[in-house]
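See below for the structure under consideration.
Just so it is clear, none of the values below were taken in a lab; they were calculated from the coordinates. Just so it is clear, the structure is predicted and the values come from calculations on it, not from any experiment. Counting neighbours? That spans all protein chains shown, and the Cβs are built from the backbone with ideal geometry, glycine included.
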Amino acid sequence: MRRACLCGQDPLTGRSFEHRRDWVEKKLLQLGRIFCIDICAYAVMSNHTHLVLHIDIAKAKRLNNKAILIRWHKLFKSTFLCQRFLNCELLTKAELAAVNARVNLYRERLRSISWSIRV
């Protein structure tokens, strides 16, 4: 997209998009708290951002299943089985296996830069 002005003032129209800078910063910091990715440094420029990231694989491995689901559901809708698991309802072995498969998928995604940037 050409002439995209993310933040700052559009030199052609004079319109200010400075209000977006705070939104982008808050969103980046929120994602840093949810994902197992440390934001070491960042800069929000007028038409792009710079990020220095550290993927914390050890943190993703340390988190228990409940913590993984809680983090993931801060951004994405929960499944019925995951809600039942979080509510400490009794699950069958097959249901628990399905929840564990979902948790493993979310654990991988919570340490994925591409998933953190999509949001």
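Some notes on this structure:
- When trypsin sites (Lys or Arg not before Pro) are flagged only if DSSP places them in a loop and at most 15 other Cβ atoms lie within 10 Å, the longest unflagged stretch of the chain comes out as 16-73.
- Taking 7 Å steps out from each Cα toward its Cβ at residue 64 and residue 41 produces label points 3.8 nm apart.
- When each of 110, 90 is scored by the number of other beta-carbon atoms lying within 10 Å, the sequence from fewest to most is 90, 110.
- Phi to ³J(HN,Hα) by Karplus 6.51 cos²θ - 1.76 cosθ + 1.60 over segment 51-62, Hz, x for Gly, Pro: 9, 10, 10, 10, 7, 9, 5, 4, 5, 4, 6, 6
- Check: the chain dipole with +1 on Lys, Arg Cβ and -1 on Asp, Glu Cβ, in debye: 240
- Unit charges on C-beta of K, R, D, E only; dipole of segment 1-56, Debye: 260
- Under-5 Å amide H pairs with residue 37, H placed in peptide plane, nonlocal only: 56
- Formal net charge of residues neighbouring residue 109 (Cβ-Cβ distance under 11 Å; K, R +1; D, E -1): +4
- Sites matching GluC sites (Glu not before Pro) across segment 24-119 that sit in DSSP coil, with at most 11 neighbouring C-beta atoms within 10 Å: 89
- Value of [θ]222 nm, deg cm²/dmol, for the chain, DSSP H segments ≥ 4, -39500 (n - 2.57) each, nearest 500: -15000 deg cm²/dmol
- With the simple spin-label model, which puts each label point 7 Å out from Cα in the Cβ direction, the residue 77 to residue 23 separation comes to 2.3 nm.
- The amide H of residue 17, built 1.01 Å from its N in the peptide plane, has 8, 9, 10 as neighbours under 5 Å, considering only residues 5 or more places off or on other chains.
- Segment 19-118: translational diffusion in µm²/s, Stokes-Einstein, Kirkwood Rh over Cα pairs, 25 °C, 0.890 mPa s: 166
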